[in-house]
Amino acid sequence: MNAPHTPTTPAQSVFSVRDLWKVFGPKADLVPADPELAALGAAELRERTGCTAAVRDVSFDVKKGEVFVVMGLSGSGKSTLVRCLTRLIEPTSGTISIDGEDVLSMDGGRLRELRRHRASMVFQHFGLLPHRTVLDNIAYGLEIQGVGRGERRERAAEFAAKVGLDGMEQRRPGQLSGGQQQRVGLARALAVDPEVLLFDEPFSALDPLIRRDMQEEVVRLHREEGRTMVFITHDLSEALKLGDRIALMRDGRIVQLGTPEEIVGAPADDYVRDFVRDVPREQVLTVRSAMRPALGDEHESGPALGPGATVHEAIEAVARTGENARVVEDGRCLGVVDQAGLLGVVAGVPVATRKAVA
Ligand SMILES: Nc1ncnc2c1ncn2[C@@H]1O[C@H](COP(=O)(O)OP(=O)(O)O)[C@@H](O)[C@H]1O
Ligand SMILES: [Mg+2]
């Protein structure tokens, strides 16, 4: 198919996925097509057919410039899903497009180009080449692309510096810490200048502090470059920290897709509610969730916060000044947050059931 745009693809989407299934096992393609089989739970499906449905009827768009997080417990289908995007795993049914181009009808050459130039993958264990220097490891993707030696070393040096590896260019992977090895993998993926970076739990094996460093690195790179990222993790706090939007998976399905604030503030079902129960709500929810209309001259006094400020920031402002805070956008007061509203968010009491303060 060479129609570059289908009407179902929103203009600003990089990946557009519809009704995607990946079933492992004998006669896998019969499962999505048969409503009765498709409705079976994991255990029953395995018993009846010997098949595992790793991805079940999943649809979503990855928007240009966003960090799209896929989160879920181990075995929920995250790796299968991300590998389907570039057909490292062949989907059983459904459609996938990148910039409106149908991925499932790409021939071998087009697929190679997709994987080498457009969507590069950062794995948890990305098998750095042990006998090559850091610089040559970073340059590896460029070498595969056929970029000349001089240019690829120059680009590799630039990306080594970008991820904080300057001075280590001539070391071998064995002479690096786990965190530094991750940086090499990150630089290698970045050096090919892909349209989208795919991360499959890249930081899971790292110590907590190094992990936090790497998360901050990803946030910084994203802020500086605005590159589209699909980031897989089983770690909720990592998902909340990195994701513009999060798709929460359970048993191959997306049970909720939304911003961190939507997932924490309005869980779609009991499973999600349970999942996010221990999240410090005040650090995720914004002042909008604590706001009430301004009364009298309230819209003129008290500390001013933007509508994107967190409840945590509002608590700080209210505690510091002893006054209610105003939520201000473009010079206009959208509302007021008082102590009762802020406590209501922390306690998880829905706005509708909060009592007004006398
Ligand atoms: N090649 C395969 N053959 C059969 N089952 C598989 C295969 N790969 C993954 N699965 C199964 O698919 C489900 C999802 O796996 P996976 O995508 O690796 O989950 P996650 O990355 O969320 O841990 C699991 O039940 C797993 O056992
Ligand atoms: Mg996985």
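Every number in this text was worked out from the coordinates using simple rules, so none of it is lab data. Model, not experiment: these values are computed from the prediction. Here Cβ is always computed from backbone atoms with ideal geometry, including for glycine, and neighbour counts include all displayed protein chains.
Give the residue from Phe199, Met71, Gln181 lying farthest towards the positive end of the charge dipole for the chain; charges sit on Cβ (+1 for Lys and Arg, -1 for Asp and Glu) and the dipole is referred to the Cα centre. Checked the options; the winner is Gln181.
Packing here is the average count of other Cβ atoms within 10 Å per residue, and on that basis the peptides 193-204, 301-312, highest first, run 193-204, 301-312. For segment 99-107, the Karplus equation 6.51 cos²θ - 1.76 cosθ + 1.60, evaluated at θ = phi - 60°, returns couplings of 6, x, 8, 5, 6, 6, 9, 5, 7 Hz by residue, with Gly and Pro reported as x.
Does segment 222-356 come out rounded, prolate or oblate, given a ≥ b ≥ c as the square roots of the eigenvalues of its C-alpha gyration tensor, rounded meaning a/c under 1.5 and, failing that, prolate meaning a/b above b/c? Because a/c hits 1.5 or more and a/b exceeds b/c, segment 222-356 counts as prolate.
For segment 74-114, the dipole from Cβ point charges (+1 on Lys and Arg, -1 on Asp and Glu) about the Cα centre works out to 260 debye, to the nearest 20. Label separation (Ser237 vs Arg171): 2.6 nm, computed from points 7 Å beyond Cα along the C-beta direction. Net length available on complete extension from Glu224 to Ser301 is 24.1 nm, with 0.36 nm assigned per residue and the Cα-Cα distance removed. Since only Gly308, Thr321, Gly344 are under comparison, the one whose Cα sits farthest along the positive direction of the charge dipole of segment 282-353, derived from C-beta charges on Lys, Arg, Asp and Glu, is Gly344. Shape of segment 116-169 from the C-alpha gyration tensor: rounded (a/c under 1.5, with a ≥ b ≥ c the square roots of its eigenvalues).
Amide H to amide H distances under 5 Å link Leu285 with Val311, where only residues 5 or more positions off or on other chains count and H is placed in the peptide plane. With a Förster radius of 35 Å applied to the beta-carbon distance between Lys64 and Leu343, the computed FRET efficiency rounds to 0.35.
Overall, the anisotropy analysis places the chain in the oblate class: the square-rooted eigenvalues a ≥ b ≥ c of its C-alpha gyration tensor yield a/c not less than 1.5, with a/b not exceeding b/c. Beyond 29 Å in Cα-Cα separation lie the following of the pairs Lys64/Lys162; Lys27/Lys64; Lys22/Lys63: Lys27/Lys64. Modelled label positions at Arg87 and Asp278, each set 7 Å beyond Cα in the direction of Cβ, lie 4.3 nm from each other.
Estimated purely from DSSP H runs of n ≥ 4, each contributing -39500 (n - 2.57), the mean residue ellipticity at 222 nm for the chain is -10000 deg cm²/dmol once divided by its residues. Residues whose amide H comes within less than 5 Å of that of Ala325, counting only those at least five positions distant or on another chain, are Val337 (H built at 1.01 Å from N in the peptide plane). Applying 1/(1 + (r/R0)^6) with R0 = 56 Å to the Cβ-Cβ distance of Asp269 and Arg149 gives a FRET efficiency near 0.55.
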